[in-house]
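Peer 1: Pasting a structure here, questions to come.
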Amino acid sequence: MAPPIEQPIPVSSGSSINSNETPGEAYHINQEAFQRMPLISPNLTPSQTNVSPQVPPVISQDERKALPIHDELPIVRCMARARIPTTQGPEIFLHIYENSIDNKEHLAIVFGEDIRSESLFAQRKGESQQDRMTRGAYVGKLFPGRVDADKDTRSNQTLKFDSNGKLIREPSTTFAGEPALVRIHSECYTGETAWSARCDCGEQFDEAGKQMGLAGHGCMVYLRQEGRGIGLGEKLKAYNLQDLGADTVQANLILKHPADDKILAVEGKNQDVKVTERIPMIPKAWTSTDGIKSKEIEGYLSTKIERMGHLLEKPIQI
Ligand SMILES: [Zn+2]
C-alpha cells in the first residue's frame with residue numbers, strides 16, 4: 001500500500017554568522033536577499049489549503065502484523081508541560097515526554113489547554129499542589145499567587161480524580177468529544193530553522209499549526225529524529241551527495257525517507273488508537289504563488305510521489 005505523507009490526521013481515543021571569521025568575497029551577504037528570505041515559522045495566518053479529508057485506507061491484518069514496529073505501543077510518560085504564547089496569537093502547550101524505547105525528549109505541541117495528558121495529570125505520591133503547578137499539571141491558567149493546581153478560582157474549573165489518582169475526563173475540564181487533528185512530525189533542523197528549500201518540512205509544520213489553530217484543538221507529535229533518525233551529520237553528507245549528482249532515490253534512501261507509514265505507526269499493531277480521517281498536505285507552491293520553490297524541492301517531492309508512493313498528485317503542467 002501507499003504510505004501517507006506526513007500530515008495531520010484526526011484520531012479518536014482516547015542564523016548565525018560566525019563573527020570570528022572575516023567574510024571574504026565568496027561569503028558576502030546580500031542584505032536585500034536576506035531581507036526577502038521567508039521566515040518559515042511560525043506564521044499562523046488562516047490556512048490556504050483547501051483539501052477535503054480522506055478516508056484512511058483499509059489496512060489488512062497481515063500488513064499490520066508485518067509492520068516493523070513493536071507489538072505494543074511504547075510506554076510514554078509526560079514529564080512537564082508549559083504554556084507558550086506565540087507571535088501569531090494562539091497559545092500552545094508544549095509537553096515533554098520520556099519513553100521506554102529511547103532517551104530522547106520527544107514533544108507534543110498541543111493546541112487547546114483542555115487537551116490533557118493522563119500521565120502528566122495523574123496524582124503522584126508525596127507531591128504538593130505547588131509541585132503539580134511547577135510540572136504543568138494544572139487546569140486553566142497560572143497567575144501570581146495561585147495556590148491550587150487542581151482548581152482555577154478565576155475560571156472556576158476543578159479537576160477530579162478517581163481513587164487511584166487518575167484524572168477523570170469531564171467535558172467541563174477535559175477535551176474528549178470530537179476527534180482531534182494529530183500530526184506526526186519528524187524534527188528537521190534544516191527545513192524548520194535554517195530556511196532550507198531542500199524539503200518542505202517547515203511549510204508542512206506551519207500548515208499543520210494553522211489548521212490546528214483554526215480548529216482550536218490539535219496535537220503535533222514532534223519526534224526528535226533528525227533526518228528520520230540518521231542525525232544531522234549524516235543528513236548533511238546526503239545533501240552533499242545530492243549536489244554531486246546522486247540520484248534522488250539514493251539520496252532519499254540515505255535520508256531514510258521511504259518505509260514510512262504513519263497511520264500504522266499511530267494505530268499500532270492492535271489499533272489502540274483509530275485514525276478516522278486524514279488530511280492531505282498539498283505543497284503551497286503547487287496551488288499558489290507562495291510556498292517553497294527550488295530545484296531541490298522539486299526533486300524531493302517527485303521522489304516522494306513517483307518512488308515512494310506518497311498520496312499526492314502533482315498538478316499536470318500544461
Ligand atoms: Zn525536512
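A short reminder: the numbers here are calculations on the coordinates, not readings from a lab. Nothing here was measured: the structure is a model prediction, and the numbers come from that model. Positions of Cβ are backbone-derived with ideal geometry, glycine not excepted, and every protein chain shown enters the neighbour counts.
Peer 1: Which order, highest average first, do 269-281, 104-116, 145-157 follow once you tally other Cβ atoms within 10 Å for each residue and take the mean per peptide?
Peer 2: Highest-to-lowest ranking by the protection proxy: 104-116, 269-281, 145-157.
Peer 1: With the cut-off at 1.5 for a/c, could you classify region 51-94 from its C-alpha gyration tensor as rounded, prolate or oblate?
Peer 2: Oblate.
Peer 1: Each label point is 7 Å from the Cα along the Cα-to-Cβ direction; what then is the distance between the points at VAL58 and PHE175, in nm?
Peer 2: Going from the VAL58 label point to the PHE175 one covers 3.3 nm.
Peer 1: Sort 121-128, 75-82, 202-209, 175-182 by packing, meaning the average of other beta carbons within 10 Å per residue, with the highest value first.
Peer 2: Peptide ranking by packing, descending: 202-209, 175-182, 75-82, 121-128.
Peer 1: Turning to a different aspect of this structure: Using 0.36 nm per residue, how much length does the chain from PHE161 to LEU223 gain when fully extended, once their Cα-Cα distance is taken away?
Peer 2: Gain in length upon complete extension: 19.3 nm.
Peer 1: Another question, if that's okay. Please compare each pair in LYS65/LYS295; LYS65/LYS160; LYS104/LYS274; LYS65/LYS104; LYS104/LYS269 to a cut-off of 31 Å on the Cα-Cα distance and tell me which ones are over it.
Peer 2: Flagged as over cut-off: LYS65/LYS295; LYS65/LYS160.
Peer 1: Using a basic spin-label model with each label point 7 Å from the Cα along Cα→Cβ, how many nm lie between GLN88 and HIS70?
Peer 2: Going by the 7 Å Cα→Cβ label model, 3.3 nm.
Peer 1: Shape call for region 63-138 from the C-alpha gyration tensor, a ≥ b ≥ c root eigenvalues: rounded (a/c under 1.5), prolate (a/b greater than b/c) or oblate?
Peer 2: Verdict is oblate for region 63-138.
Peer 1: If every alpha-carbon in region 92-190 counts as one equal scatterer, what log10 I(q)/I(0) does Debye give at q = 0.13, 0.23 1/Å?
Peer 2: Rounded to two decimals, the profile gives -0.53, -1.38.
Peer 1: Lys/Arg Cβ at +1, Asp/Glu Cβ at -1, dipole of region 128-225 taken about the Cα centre: which of CYS219, GLY177, MET133 is farthest positive-ward?
Peer 2: MET133
Peer 1: With a point put 7 Å past each Cα toward its Cβ, work out how far GLU118 is from MET79 in nm, to one decimal.
Peer 2: The answer from the label model is 2.2 nm.
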